[in-house]
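Scroll down for the structure; my scribbles are underneath it.
The values are calculated or read from the model by the stated rules, or taken from the named source; none is laboratory data. Being a predicted model, the structure only gives us computed values, none of them experimental. Cβ coordinates were reconstructed from backbone atoms using ideal geometry, including for glycine residues, and neighbour counts include every protein chain displayed.
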């Protein structure tokens, strides 16, 4: 997540959407007062700053931003963040950012993120997890790992977007170029491809995702796909080769 006072934007980092690569590009143009959250593992050229600090927990305690259906657990997480001065962090939700910054910043800055088709995200995440367990198969991954479902990061609880723009991953460079022009950020393409090393070269989606796997994935991402269609995203592209 990046909050830039210099260029007046808030970048919400979604999962498996080149977020770290985007942050490496953005943070080199950020000022000393801007917020850049850490990434794990650390990436060369990425310098976190200003992500720790105190905040007023009352708005998120009222909204139950962490767990709307479990008040005690939500309060515990919010107060835990406060005591640790964990104000902003990697993949923080827009709801929490909204409640931890001044209203005039939230209302006045351009809020944006990137989204990627469901199957493509799952395959990317699968290979990252497989780098830690070479024996991991897709069935075991789908049964035992959290899926990279992103809409809770950039949407309200009812599914309405909290961001001004969602850039499609399928046209990432074009979308970033247009955004950079809008905000006045220098951009000549993404030169860092962080975490791209996990997927073996030449391995296609069809090599690891069967029609049965795809059906399970699309069912799990049904709400995100609905939101994507409402936003005009290419949420259900043809099955890749």
(request) Out of 116, 100, 95, report the one residue that is crowded, with 22+ Cβ neighbours inside 10 Å, under 16 Å from the mean Cα position of the chain (by Cα) and more than 24 Å from residue 182 (Cβ to Cβ). (result) 95
(request) May I ask you to verify whether residue 176 is surrounded by 12 or more Cβ atoms within 10 Å (Cβ to Cβ), closer than 23 Å to residue 39 by Cα and either modelled with pLDDT under 95 or touching a strand residue (DSSP E or B) at 6+ places or on another chain (Cβ under 7 Å) (or both)? (result) yes
(message) If I filter region 80-131 down to residues being without any contact (Cβ under 8 Å) to a residue 60 or more places away in the chain and in contact with a helix residue (DSSP H, G or I) (Cβ under 8 Å, 6 or more places away or on another chain), which single residue comes out as farthest from residue 34 (Cα to Cα)?
(response) 129
(message) Please return the ranges of helices (runs of 4 or more DSSP H) entirely within region 138-197 where 3 or more residues are closer than 17 Å to residue 17 by Cβ and in contact (Cβ under 8 Å) with a residue 12 or more places away in the chain.
(response) 151-154, 172-183
(message) For the structure I just gave you, tell me whether residue 164 is modelled with pLDDT of 95 or more, exposed (fewer than 13 other Cβ atoms within 10 Å of the Cβ) and under 26 Å from residue 112 (Cβ atoms).
(response) yes
(message) From the list 214, 224, exactly one residue is part of a helix (DSSP H, G or I), surrounded by 13 or more Cβ atoms within 10 Å (Cβ to Cβ) and under 15 Å from the mean Cα position of the chain (by Cα). Which is it?
(response) 224
